[in-house]
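S.K.: Have a look at the structure that comes next, please.
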Amino acid sequence: MQVKILDKEDVSNIKPGRYLVSSDDPRYFSLISLPNSKILDSRSAEDGRHTLAIVEIGANKMRQVSNPPETKAMGMDPSFFSSAKREYVTWQDKWWREAIQNSVDAGATDIICKIIRSGNDTDTKYTIICEDNGKGMDRETVIEKFLAFGGSGKRDEVGKTGGFGKAKELLLLPWINWTIWTGDLIIKGKGNTYVEERAPSFKQGVVLVVTMGAGADDHTKESNAINVITRSYLPHVKFTVNGKVYRSDLEGSKTTVQPKTDKAEMYVSSRGIEGFEEYGIVRVNGLYMHSFYIGEGFEQIPIIEVTAPSIEVLSVSRDSFRDYDLKKAVDEVIKKIMIDKKSALKKKENLFIRKYKGRTSEYERDSSLSEIESLIHKNIGKFSQPTKITKTGIVLDETVVQLLKIVSDQKVQAGGDSFENFISNISGESAEAMMEIDFQSESHMEAAVKSLIWQPSFYIENEIPGYYPDQKFFPETMSSRIYMLAKTWLELVRFVNIQMGGRDRFMVGFIFSRDYKALYRRDNEGDQMILLNPFKFKDGKVTNDNYTQSSDDDLRTLYALAIHECTHMIHGLSYHDEAFASAMTDAFAMCMPGVKKIQRIVNGIRRLKDRK
Ligand SMILES: Nc1ncnc2c1ncn2[C@@H]1O[C@H](COP(=O)(O)OP(=O)(O)OP(=O)(O)O)[C@@H](O)[C@H]1O
Ligand SMILES: [Mg+2]
C-alpha cells in the first residue's frame, strides 16, 4: 500500500490508508490516538528533533463496537506504593500520626504502640504495631473505607480529624506486608492485594501490624511514635510505646497575638520538649500534624490549633496548609514570633470567667416563686386581678406591696449572711419602691413579681490580658464598697427589668475591660449576664475610680447603663443599629419616672447591709 504524506486531511474524517506524519505536526497526537490507527513504523528525523511515523488508518472505525474491550483498572507497579511515603515530610512520624489519628477518631482510650526488631544481621525486619480499643470496623468499613483509595467514613463527621481517605497509602501499602485485625476478621495484605481470614478470637478495636524493612528510610522507630504522642494534647488517651506509658499532655494557653483568621488559634505550651526547641507545632483537635521552624531562643512551643475542618484547610498529606487565607495568617504570626520572640508568645494571662451560683437551685427558685404567688393569692384573692385601675394603668394594692415587703424581708432573715444570699435577696424597702409603678397589664405585673424574687448568680469576667483584678472585687474577699456597688447594680438592673416588663432570667456581675462600661452577654448555654465594669470611664478611657452609690451622678450613670443593657436583653438585640436605637428611646421613656426611686432602692440596700 502506498504511503501518503499527511497533507490537508482533516483527522477526524481521514480516509483509510497509510500516512507519513511528523511529530511536530499539530495533528500527530490526534492521529495516533484514533481508535482505528496503528503506528507501523517510526524513526527520528534527520535533524534529531522530531519523529516521523507511518500510521495506518484502518477501514473500520467501528470495529470496537462489535467487540467492545473490557474495562480494566490501571495497573500499579509495586514501586508506586513504596513511593507513597515520600509524599510525607518525615514519614516516620507521620505513620504514627495516621495510625493514632484513626484510633483517636474511633474513640480509643488505650493505644498500644510496638516496634519489634526481628531476624538476623543479614535479614532484619521490623514489625510495627498499633493497637487500639476504639469502636473497631465491620467488614464493610474495612473493605469499602479502609481498603479503598480515597475511602473515608468521616467525611461528614464533625470533630474527626480525617476525611481524606488517604492514610492507607502510608499505613499499609509501601511495606513488606500488613495485617488488620478487627472484630473476628483478619485481613492479610501485601501492597494492594489481600486475603481475608477468620480471626481465632474477637478483637475489640483494631490491631494494625506492618512489617517494614531494615534500611534507615525503610522503617519507623520508637522515637517517632513518642514524637507524635508528646507533641499532642490528648489527655484522655493512655499511650504505651514498647511497654512504657507516655502522656499526651502538651497543653497550651492562648497567646495575646493571634493569627488573623477564624480557622486557627495560637497557643503557647507551658513547657518545652528536649531536642525540639526550634520548632512550632500545628495540631488538629489536639493531634500533632506537622511542625514549623522558628529558630532558637524559645523555651516554650508555639502551637497553631486548626479549628476549621482539616479536609478543607490542610493538604492531603496534612503536612501543610492548602487554604490560602490560613496559610497567610499563620505565616504572619510565625513571622511575628520570630521577630518579636517574647511578646508574641505572651500568654493571654488571667483571662477568666467565674460564676457564683445564686442561693437556690432552679427547682427551688421555682418553688419559692410559687410560694410567693400562693401567698399573694391567699391574701388578696386572685393575684392577677388588679386592685386599682387608674388612668395610667394598674396600681398594686397597698396589701400586695406590704406583702411583697414581708416576703422579701423574710427571705433576708432566712438567707444567712453568705455573699450569695446578700446578692440574691432584696430588701422590703427596695421591693416596695420597685413595685410602686404603673403596670401596663396583668401580665406585666406578673412578670414584675417574678423579677422581684429572682435570685441571680453573680459572674466575674476579665478580658484584659495580663491584668488581675484586685481581691476586693471577688465575693470571697469583697470590700463593703464594692459589695454595695454589686448590689446596687443588681437592683437597678432588676428595677429596669420590672419597669420594662422583662421576663428573662439573668445574672449580674463585673466585667474588667478596656472597652466596655457595661456588657450584655448571652453564652452558649443560653445564660444571660448583665455585667458592669466597676471602673468609671473618662473621655472614653477607663479610669482607676470605681462607681459609688453615694454619688448621684454615678447612680444616674449606672441606671442609664442598666437601661441600655436591659434593652439588649429584653429585645434580643445585640447590635447598636436602628432597631436598637428605637428600642432604647422607648426604654428611656418607660424608665424615666423611675429615676426618682433610685435613692429609695439604694437606701433599702444600705439597710439590708447594715442588718447583716
Ligand atoms: N483504628 C480504627 N478504628 C476504627 N475505624 C477505623 C480505624 N482506622 C480506620 N478506620 C476506618 O477506616 C476509614 C478509612 O481510614 P483512613 O485513615 O484511610 O481515612 P480517614 O481517616 O477517613 O481519612 P484520612 O485519610 O484523612 O486519614 C476511616 O474513616 C474509619 O471509618
Ligand atoms: Mg485516617
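The values are calculated or read from the model by the stated rules, or taken from the named source; none is laboratory data. It should be emphasised that the depicted structure is a prediction, and the values quoted were computed from it without experimental measurement. Don't worry about glycine lacking a Cβ; one is built from the backbone with ideal geometry, like all the others, and counts go over all protein chains shown.
S.K.: Do the conditions hold for residue 182, that is, is it in a strand (DSSP E or B), more than 13 Å from ligand 2 (Cβ to nearest atom), touching a residue at least 40 places away in the same chain (Cβ under 8 Å) and surrounded by fewer than 19 Cβ atoms within 10 Å (Cβ to Cβ)?
M.R.: no
S.K.: If residue 551 satisfies all but one of (1) buried (at least 23 other Cβ atoms within 10 Å of the Cβ); (2) under 19 Å from residue 602 (Cα atoms), what's the number of the condition it fails?
M.R.: Tallying (1) buried (at least 23 other Cβ atoms within 10 Å of the Cβ); (2) under 19 Å from residue 602 (Cα atoms), residue 551 fails exactly one: (1).
S.K.: Examine the range 318-332 for a residue that is loosely packed, with under 13 Cβ neighbours inside 10 Å, modelled with pLDDT of 60 or more and in a loop (DSSP other than H, G, I, E, B), and state whether such a residue exists.
M.R.: no
S.K.: At least 2 residues that are in the same structural domain as residue 224 (by TED's automatic domain parsing) and crowded, with 18+ Cβ neighbours inside 10 Å in each: list the helices (runs of 4 or more DSSP H) lying fully within the range 1-105 that qualify.
M.R.: Once the helices (runs of 4 or more DSSP H) in the range 1-105 are filtered for at least 2 residues that are in the same structural domain as residue 224 (by TED's automatic domain parsing) and crowded, with 18+ Cβ neighbours inside 10 Å, what remains is 91-105.
S.K.: Going by the conditions given, is residue 153 in the same structural domain as residue 220 (by TED's automatic domain parsing), touching a Lys or Arg at 6+ places or on another chain (Cβ under 9 Å) and within 10 Å of ligand 2 (Cβ to nearest atom)?
M.R.: Spelling it out, residue 153 is indeed in the same structural domain as residue 220 (by TED's automatic domain parsing), touching a Lys or Arg at 6+ places or on another chain (Cβ under 9 Å) and within 10 Å of ligand 2 (Cβ to nearest atom).
S.K.: So which pairs qualify, if the first residue must be in the range 466-492 and free of Cβ contacts under 8 Å to residues at least 12 places away in the same chain, the second must be buried (at least 19 other Cβ atoms within 10 Å of the Cβ), the Cβ gap must be under 8 Å, and the two must be at least 6 apart or on different chains?
M.R.: 472/478; 472/482
S.K.: May I pose another question? Show the residue pairs that are 6+ apart or on different chains and have beta-carbon atoms under 9 Å apart, the first residue being within the range 546-561 and farther than 17 Å from residue 597 by Cβ and assigned by TED's automatic domain parsing to the domain that holds residue 587, the second being part of a helix (DSSP H, G or I) and acidic (Asp, Glu).
M.R.: 546/554; 547/554; 548/554
S.K.: Give the number of residues within the range 238-267 that are at pLDDT below 90 and among the aliphatic types (A, V, I, L, M).
M.R.: Of the residues in that region, 1 qualify.
S.K.: Select from the range 421-452 the residues that are more than 19 Å from residue 534 (Cβ to Cβ), modelled with pLDDT under 75 and not in a loop (DSSP other than H, G, I, E, B) and list them in ascending order.
M.R.: 421, 424, 442
S.K.: Now, a different point. Which of the residues belonging to the range 180-201 are within 15 Å of residue 136 (Cβ to Cβ) and at pLDDT 90 or above?
M.R.: Correct list: 180, 181, 182, 183, 184, 185, 186, 187.
S.K.: Further question on the same structure: If you go through the range 106-142 one residue at a time, how many are in a helix (DSSP H, G or I) and within 16 Å of ligand 2 (Cβ to nearest atom)?
M.R.: Number of matching residues: 2.
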